């Protein structure tokens, strides 16, 4: 597929890297010659210096033959105009734009986007996506992430394996004996910075981050099996009332009646706005790094504290202070710099969230067409969790997993059939209309598309 990416920042860089690795023809456009030079040196893509709203620049980028354009510049209005030019002049079929300004996304103005107005097919709001990701973490305490698949009937949990985990040094084949009621599939772990696909004889180790595919009804049972008995926090403290913090508080208000949320926001005008928009959230105007402000927010009472300011260092410092104040408090920090993830264990921060990864995962799922519904990326796209439907043209129908010619590094996690979640074994046979959740290494994606009859053309 021929794809143009407008914007060579962190998100654009990551998307181009992953899509190029999948075999797509990628052209990246940015006004910054420095960013284009960086991307040309690091990736096998075509880089063009120029303003992507100019038709001549898009023409130079190959817009006449492009299947898709992804606008992820820093400016919302620029992204909108790019999509308009791509539609009106070059008839590009699929147009994706990152829109961050919340006013553009309110229900009141939802008729702004569409073929007859602003022709944007997919709108990505990083702040909303990250807020939803944080909410999932709160709703599944003990899990580092909680990703829904198959209309929320299947979950992929990322779980930290610590010294309290009763499954440490237990062969995977023995887990069903220990927990016969557990309907789960441990597909692999991140171990020492690398993803390891686990086999029946393999064992979990301390400090592994395990990826477990389960029926959504078994979240509590699964976490308990891993030694996580934490209850969902009822007292939430959010430091930073930006779009992420605001959307998270609003989501929690709407979805969980019993949760008490407090927000500390430094900017007075922003604090007043949040207080007027939310009904049950307490808003405190002040600096979260100041002791008297934290006392006013009763930080001692908070069960989970999320540091969501625009400053990575402040977020890390706030989380460290909270942990020292109360070691039992769950701490989550927003960080934009990848190297900070190396500090997580030493600083005893429960979770570091990189908004770039969430945005990239969201965009990637729209690159594939049709039966691919959800994509969740690991290790900068080296592996992907994918949901796909077995079409009537698929060669998988009536074949067992062991006889299906699947690449060795493909792992089938779960199957939704007739609204029932099945955890398949090697003799499991695929049926038409099965929804399959599986783990796929990036280089095998085209093979998977062929087996499932998933078209990568838009």
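The values are calculated or read from the model by the stated rules, or taken from the named source; none is laboratory data. Predicted, not measured: the structure shown is a model, and the values here were computed from it. Ideal geometry is used to build each Cβ from the backbone, glycine not excepted, and the neighbour counts take in all protein chains shown.
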*Filter result (surrounded by fewer than 19 Cβ atoms within 10 Å (Cβ to Cβ) and on the phi < 0 side of the Ramachandran plot) within the stretch 21-30*: 21, 24, 25
_The listed residue being in contact with a strand residue (DSSP E or B) (Cβ under 8 Å, 6 or more places away or on another chain), part of a loop (DSSP other than H, G, I, E, B) and in the same structural domain as residue 294 (by TED's automatic domain parsing), out of 241, 245_ = 241
_For the condition out of contact with any helix residue (DSSP H, G or I) (no Cβ under 7 Å at 6 or more places or on another chain) and farther than 21 Å from residue 135 by Cβ, what is the one hit in 295, 262?_
295
*Selection count where residues are under 18 Å from residue 118 (Cα atoms) and either assigned by TED's automatic domain parsing to the domain that holds residue 366 or surrounded by fewer than 19 Cβ atoms within 10 Å (Cβ to Cβ) (or both), scope the stretch 58-75*: 1
_Count of residues meeting criterion [surrounded by 15 or more Cβ atoms within 10 Å (Cβ to Cβ), over 15 Å from residue 351 (Cβ atoms) and touching a strand residue (DSSP E or B) at 6+ places or on another chain (Cβ under 9 Å)] in the stretch 303-323_ = 3
*Could you run through the stretch 20-43 and say how many residues are farther than 22 Å from residue 56 by Cβ and in contact with a helix residue (DSSP H, G or I) (Cβ under 8 Å, 6 or more places away or on another chain)?*
6
*Does the stretch 167-203 hold any residues that are within 25 Å of residue 377 (Cα to Cα) and in contact with a helix residue (DSSP H, G or I) (Cβ under 8 Å, 6 or more places away or on another chain), and which are they?*
183, 184, 186, 198, 199, 200, 202, 203
_I need the full set of residues from the stretch 248-288 which are more than 25 Å from the chain's Cα centre (by Cα), crowded, with 17+ Cβ neighbours inside 10 Å and part of a loop (DSSP other than H, G, I, E, B), in order please._
266, 278, 281, 286, 288
*Quick one: how many residues across the stretch 403-458 are at pLDDT 90 or above and over 26 Å from residue 158 (Cβ atoms)?*
7
_Between 301, 290, 253, which is on the phi < 0 side of the Ramachandran plot and without any contact (Cβ under 8 Å) to a residue 24 or more places away in the chain?_
290
*Any idea how many residues of the stretch 416-443 are under 21 Å from the mean Cα position of the chain (by Cα) and surrounded by 14 or more Cβ atoms within 10 Å (Cβ to Cβ)?*
8
_Just to confirm my filter: which strands (runs of 3 or more DSSP E) fall fully inside the stretch 16-121 and include at least 3 residues that are touching a strand residue (DSSP E or B) at 6+ places or on another chain (Cβ under 8 Å) and within 26 Å of residue 384 (Cβ to Cβ)?_
25-30, 68-71, 94-98
*Of the conditions (1) surrounded by fewer than 20 Cβ atoms within 10 Å (Cβ to Cβ); (2) farther than 30 Å from residue 129 by Cα; (3) at pLDDT 90 or above, residue 173 fails just one. Which one is it?*
(3)
_I'd like the full set of residues that are within 15 Å of residue 84 (Cα to Cα) and touching a helix residue (DSSP H, G or I) at 6+ places or on another chain (Cβ under 6 Å), limited to the stretch 99-122._
99, 118, 119, 120
_Selected residue (criterion: surrounded by the most Cβ atoms within 10 Å (Cβ to Cβ)) from residues of the stretch 383-403 that are farther than 24 Å from residue 196 by Cβ and out of contact with any strand residue (DSSP E or B) (no Cβ under 8 Å at 6 or more places or on another chain)_ = 391
*Identify, by number, the condition in (1) surrounded by fewer than 16 Cβ atoms within 10 Å (Cβ to Cβ); (2) farther than 18 Å from residue 120 by Cβ that residue 55 doesn't meet.*
(2)
*Please name all residue pairs, on different chains or six or more residues apart, with Cβ atoms under 8 Å, provided the first residue is in the stretch 138-155 and is assigned by TED's automatic domain parsing to the domain that holds residue 418 and the second residue is surrounded by 21 or more Cβ atoms within 10 Å (Cβ to Cβ).*
none
_Give me the residue from the stretch 338-361 that is in a loop (DSSP other than H, G, I, E, B) and modelled with pLDDT of 80 or more and, out of that set, surrounded by the fewest Cβ atoms within 10 Å (Cβ to Cβ)._
354
*Quick one: in the stretch 189-211, which of the residues that are surrounded by 15 or more Cβ atoms within 10 Å (Cβ to Cβ) and more than 17 Å from residue 169 (Cβ to Cβ) is nearest to the chain's Cα centre (by Cα)?*
211
